[in-house]
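Chemist: Quick one: this structure, given as structure tokens, is what I'll be asking you about.
The values are calculated or read from the model by the stated rules, or taken from the named source; none is laboratory data. Because the structure is predicted, anything quoted here is derived from the model rather than measured. Backbone-built Cβ (ideal geometry, glycine too); neighbour counts: all protein chains shown. Areas reflect the complete protein model, heavy atoms only, side chains present, ligands, DNA and RNA absent. Shrake-Rupley method; radii C 1.70, N 1.55, O 1.52, S 1.80 Å.
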Amino acid sequence: MFVQEEKIFTGKVLRLHVCTMEGAEWLEEVPEDTTVEKLKERCLKHCVPGSLEDPKTVTHHKLIHATSEKVLTDTKTVLEENIQDRDVLLLIKKRAPPPLPKMADVSAEEKRKQEQKAPDKDAILKATANLPSRNVDRTVAHHNMRDFQTELRKILVSLIEVAQKLLALNPDAVELFKKANAMLDEDEEDRVDEIALRQLTEMGFPESRAVKALRLNHMSVTQAMEWLIEHADDPTVDAPLPGQTASEATAEASASSAEATAGASSEASGEEAKDELTEIFKKIRRKREFRPDPRAVIALMEMGFDEKEVVDALRVNNNQQNAACEWLLGDRKPSPEDLDKGIDTNSPLFQAILENPVVQLGLTNPKTLLAFEDMLENPLNSTQWMNDPETGPVMLQISRIFQTLNRT
């Protein structure tokens, strides 16, 4: 009796449970040296009769090991895939690949990309070759910007006078400004971050030096610590900040005097109430006095300039150190005295502003006066007031009127 050679060397037979997505389930017995592709053909013969007539049917299906969730490789054997007896396999049809785009679609997509593509340098030069060349004078542009800032200051000075007269007619103005004045007592610029101060004092730095370092470095602990270490042997390290301590002391004394005046006249007649309101106006202005950037003051004084002229330069140039340096080295115009002058009340610009209904309504709001006072001495706060729902519309109208008349 003869036995075929292949049957003599046949490997172990495995009984595998095969399932499909349609719910079919059966037991498939295969030797462990059977390839996954042959196993797949047997499975397809069982569940889809006649499917092997199309040679692509086998490649369009895959076998997945249920336990490991692994997709079996067609060229490997069952043994190489480490499939054990009684394992469960899942026969799944592969997802069809997306159809290739038609040539017309490809052309349309490429055309759309080209239309959205920004022009390169050569295209820009070609398109602008016939345009007349213009040389923008940077100094003129800077001068125009300075003129705009100066004119805006004049507008604010004159509008403050108008607002004070209008608000003096309001019987509730005194109480409103008392509340506003109390809010100014909590000005954040006078505060020192307690946590940051404690961190520096715990490192061994004196409290007075730590406060100075924090104010110079905008409450940054890291930068303040670097400044303290750098100036540890500086003989002027404990000197008060230029332009700050003296003005604060004066403001404190003036504020207490104004409070005493306000308290004594709180129950007075209408004329005395007007005087009280005037005192409050003065007090608010004192609290909103210009505060030069201490770092800029120190840097400019190290160049040899006097402290007073440095503070004037920073005030004229909105605390911008480079612009202040140019002002000190140049003709020093506009002068600090020019900043306190109002606009000509008979000018078309001022008349147009006063005739605007939004501005008229805003001038009766105490918050608008506070905004004008703040922007007058701290122009960098303009953004805050422009975004305020009460004062923003007023500032927007003033800006539009100024730009419109400036172009005509």
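Chemist: Out of all the residues in the stretch 353-398, which are more than 18 Å from Leu166 (Cβ to Cβ) and free of Cβ contacts under 8 Å to residues at least 60 places away in the same chain?
Modeler: Within the stretch 353-398, Asn381, Ser382, Thr383, Gln384, Trp385, Met386, Asn387, Asp388, Pro389, Gly392, Leu396 qualify.
Chemist: Give the residues of the stretch 343-393 that are among the small types (Gly, Ala, Ser) and out of contact with any helix residue (DSSP H, G or I) (no Cβ under 8 Å at 6 or more places or on another chain), sorted by residue number.
Modeler: Residue satisfying the conditions is Ser347 alone.
Chemist: Name the residues in the stretch 214-229 that are open to solvent by 30 Å² or more (accessible area, probe 1.4 Å) and at pLDDT 75 or above, would you?
Modeler: Those that are open to solvent by 30 Å² or more (accessible area, probe 1.4 Å) and at pLDDT 75 or above: Arg215, Val221, Thr222, Gln223, Met225, Glu226, Trp227, Ile229.
Chemist: From Asp374, Asp388, which residue is of a type in the set (Asp, Glu), part of a loop (DSSP other than H, G, I, E, B) and open to solvent by less than 30 Å² (accessible area, probe 1.4 Å)?
Modeler: Of Asp374, Asp388, the one residue that is of a type in the set (Asp, Glu), part of a loop (DSSP other than H, G, I, E, B) and open to solvent by less than 30 Å² (accessible area, probe 1.4 Å) is Asp388.
Chemist: Report the residue count in the stretch 156-195 for those that are at pLDDT 80 or above and either within 29 Å of the chain's Cα centre (by Cα) or acidic (Asp, Glu) (or both).
Modeler: Residues that pass the stated criteria total 2.
Chemist: Taking the criterion of being loosely packed, with under 11 Cβ neighbours inside 10 Å, modelled with pLDDT of 70 or more and in a helix (DSSP H, G or I), would at least one residue in the stretch 43-57 satisfy it?
Modeler: yes
Chemist: Out of Asp275, Asp238, Asp234, which single residue is at pLDDT 80 or above, charged (D, E, K, R), over 29 Å from the mean Cα position of the chain (by Cα) and open to solvent by 60 Å² or more (accessible area, probe 1.4 Å)?
Modeler: So the residue among Asp275, Asp238, Asp234 that is at pLDDT 80 or above, charged (D, E, K, R), over 29 Å from the mean Cα position of the chain (by Cα) and open to solvent by 60 Å² or more (accessible area, probe 1.4 Å) is Asp238.
Chemist: What's the number of the condition Leu369 fails, among (1) assigned to a helix (DSSP H, G or I); (2) surrounded by fewer than 20 Cβ atoms within 10 Å (Cβ to Cβ)?
Modeler: So Leu369 meets the others, but not (2).
Chemist: Could you say whether any residue in the stretch 330-352 is open to solvent by less than 50 Å² (accessible area, probe 1.4 Å), modelled with pLDDT of 85 or more and over 15 Å from Ile401 (Cα atoms)?
Modeler: yes
Chemist: Quick one: which residue in Ala118, Ala123 is part of a loop (DSSP other than H, G, I, E, B), modelled with pLDDT under 85 and more than 14 Å from His65 (Cβ to Cβ)?
Modeler: Just one listed residue meets the conditions, Ala118.
Chemist: Restrict the check to the stretch 333-348 and report whether at least one residue is among the charged types (D, E, K, R), outside any helix (DSSP H, G or I), free of Cβ contacts under 8 Å to residues at least 12 places away in the same chain and under 20 Å from Arg153 (Cα atoms).
Modeler: Yes, because at least one residue in the stretch 333-348 is among the charged types (D, E, K, R), outside any helix (DSSP H, G or I), free of Cβ contacts under 8 Å to residues at least 12 places away in the same chain and under 20 Å from Arg153 (Cα atoms).
Chemist: Hey, among the residues in the stretch 282-305 that are within 30 Å of the chain's Cα centre (by Cα) and farther than 17 Å from Ala323 by Cα, which one's modelled with the highest pLDDT?
Modeler: Among those that are within 30 Å of the chain's Cα centre (by Cα) and farther than 17 Å from Ala323 by Cα, it is Glu289.
Chemist: Moving on. Quick check on my filter: what residues within the stretch 23-42 are at pLDDT 85 or above and out of contact with any strand residue (DSSP E or B) (no Cβ under 9 Å at 6 or more places or on another chain)?
Modeler: Hits for the stretch 23-42 are Glu37, Glu41.
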